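Below is one structure; the comments refer to it alone.
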């Protein structure tokens, strides 16, 4: 059922942006703990680079429609966490993708964490789709054995996380649902990037739950999200 919903979401995005939308499959925890999924995201971009290098020899559906120089990385929830880490690898030069050019990234309901509880975790909003207990359990199953929620894969600004100050990140769109126990982590992420002088846009959706874009792919919030995405995509590619 979830796969069918995701297909609806991606198909709608492809039609209404419009864009070529590629869905990346990655290994799942607890069988494959982080950073395995991040490696899979990086491998996908390496594959995409190979397609771009082929030119006329690329898969026809990419050759005919894709603009490799206007690539965006995005994800929802855990996928947004992976999108951050893969984008950092590209922007810092750890991952060579040219002639692919990542011109922006979009984090929807990003699944970030931290050892210190935030206000939203201490006093959760009503009717959340993701509880603090669920979040803790997901981290317990996915982080390296023995790691805390301040591990760099969970907390991009944790005590052991590398500085993002020298990283030439592309513009970011950060979508923050109001009824989400992780909302303070999302806002904190955006605020720290802004403090470093990075280009960040925050789109707040009051009353919406974690992963609302997938849980309710149609309706007013989903329509507004697509309008925000469309504006961000075309603004970012004009820079």
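Odds and ends about this structure:
- Net length available on complete extension from residue 230 to residue 119 is 36.8 nm, with 0.36 nm assigned per residue and the Cα-Cα distance removed.
- Sorting 194-205, 19-30 by their mean Cβ neighbour count within 10 Å, with the most densely packed peptide first, gives 194-205, 19-30.
- Full-stretch length increase - residue 14, residue 29 - with 0.36 nm per residue and alpha-carbon distance subtracted: 2.5 nm
- Just so you know, the Cα atoms of region 130-219 work out to an Rg and Dmax of 14.5, 42 Å.
- From largest to smallest, the equivalent ellipsoid semi-axes obtained for region 95-167 from the alpha-carbon gyration tensor read 27, 17, 13 Å.
- Pairwise centroid distance, computed over Cα atoms, of region 157-190 with region 76-102, Å: 14 Å
- Region 45-149: Rg to Rh, with Rh as the Kirkwood radius over Cα pairs: 1.11
- Summary value for region 27-202: 24 percent relative contact order, contacts being C-alpha pairs under 8 angstrom separated by 6+ residues.
- Taking 0.36 nm per residue of separation and subtracting the Cα-Cα distance, full extension of the segment from residue 101 to residue 220 would add 39.6 nm.
- Estimated FRET transfer efficiency (residue 165, residue 94; beta-carbon r; R0 22 Å; 0.05): 0.90
- According to the Kirkwood relation over distinct C-alpha pairs, the hydrodynamic radius of region 1-51 is 12.6 Å.
- Residue-averaged 222 nm ellipticity for the chain, from DSSP H runs of 4+ at -39500 (n - 2.57), nearest 500: -13000 deg cm²/dmol
- With each label modelled as a point 7 angstrom along the Cα→C-beta vector, the residue 133-residue 4 pair spans 3.0 nm.
- Hull-based mean projected area of region 1-95, where the convex hull spans the alpha carbons, in square nanometres: 7.0 nm²
- Calculated on the alpha-carbon coordinates, the convex hull of the chain measures out at 128 cubic angstrom per residue.
- Relative packing of peptides 83-89, 53-59, 108-114 - highest average C-beta neighbours within 10 Å first: 108-114, 83-89, 53-59
Taken together, the values in this text are just the output of simple stated rules run on the coordinates, not laboratory data. Remember, predicted model here, so these are calculated numbers, not experimental data. All Cβ positions, even for glycine, are placed from backbone atoms using ideal geometry, and neighbour counts span all protein chains on display.
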